[in-house]
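Reading through the structure tokens given below for one structure.
The values are calculated or read from the model by the stated rules, or taken from the named source; none is laboratory data. Everything quoted here is computed from the prediction, not taken from an experiment. Quick reminder, even Gly has a Cβ in these numbers, built from the backbone with ideal geometry, and neighbours come from all protein chains shown. With ligands, DNA and RNA removed, areas are computed over all heavy atoms of the protein, side chains included. Shrake-Rupley method; radii C 1.70, N 1.55, O 1.52, S 1.80 Å.
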Amino acid sequence: GGLLRLEYYRIDLEDLIVTPDDPELIRRGFTHENVGSGRNQGLDVMAVARLGRFNTQLAYGLLFATRTNPLNTRYATEVAPPQDQRHTLQLSADYQLFAHWRVTAKYAFHPGRPVSTVDVGDASAETIELTCLNCDRLGPTHNFDMRVEWRRAYRRYRLTFYLELLNIGNIRSQFLPIHDVIDGELSTTTLNHLPMRPFLGLRADF
């Protein structure tokens, strides 16, 4: 059989805690206020199909997210929050090899999350200043996993032994930019997602 589900949503946020972006205002005592707002709007699609020993699932998400800070005077008042990843896709499939053996493959993708850009401020003090808030994006994220498991159900419990390989292909997607000032020059490196790693596990359901 199969299943198809579509869900549209819109979430409006009010009274969010925000702070001004002007350091002088902060020094004068203007700090946090509940005047921020935001919106999350999107579409979620899920499709599932079962054909004998073969099961598949597709999940897709479309998201438009914004956050507004009316206290900003140096940067834009409306920015994309870190979770604004416009497209999210996940595909998974599993196959029942034998009575107790199952193999599963899973692929996931989403575009890079928003990040701010920076520049060297006072080079003599080796400081870094923001040039804009969440106006750039990291590279997209890809992840592919595989899992082989043995299951057996008893009267009161079920045992599962599994071997899982995460991030097959050793795809080093960007996770976090790291900025530093060296001899007055801006140096930017990137922290990537974890490399391929195996797991061996035992699970008991009662």
- Item | C-alpha center-to-center spacing [segment 151-193, segment 50-64] in angstrom | 23
- Task: Before anything else, pin down the relative contact order of the chain: Cα pairs under 8 Å, at least 6 apart, normalised by residue count, whole percent.
- Result: 13
- Accessible surface, 1.4 Å probe, highest first, among residues 46, 196, 146: 196, 146, 46
- Ranked by how many other beta carbons lie within 10 Å on average, peptides 91-102, 133-144 from highest: 133-144, 91-102
- Sorted on mean Cβ neighbours within 10 Å (highest first), peptides 199-205, 104-110 come out as 104-110, 199-205
- At a 1.4 Å probe radius, carbon and sulfur cover how many percent of the accessible area of the chain? 57
- Over segment 73-181, give the accessible area per residue in Å² for a 1.4 Å probe, as an integer. 60
- Item | Cβ charges +1 (Lys, Arg) and -1 (Asp, Glu), total dipole of segment 1-75, debye | 460
- Taking the Cα centre of the chain as origin, work out the dipole magnitude from +1 charges on Lys and Arg Cβ and -1 charges on Asp and Glu Cβ, in debye rounded to 20. 2080
- Message: Pairs of alpha-carbon atoms within less than 8 angstrom and 6+ residues apart define the contacts here; what relative contact order does segment 1-109 have, in percent?
- Response: 23
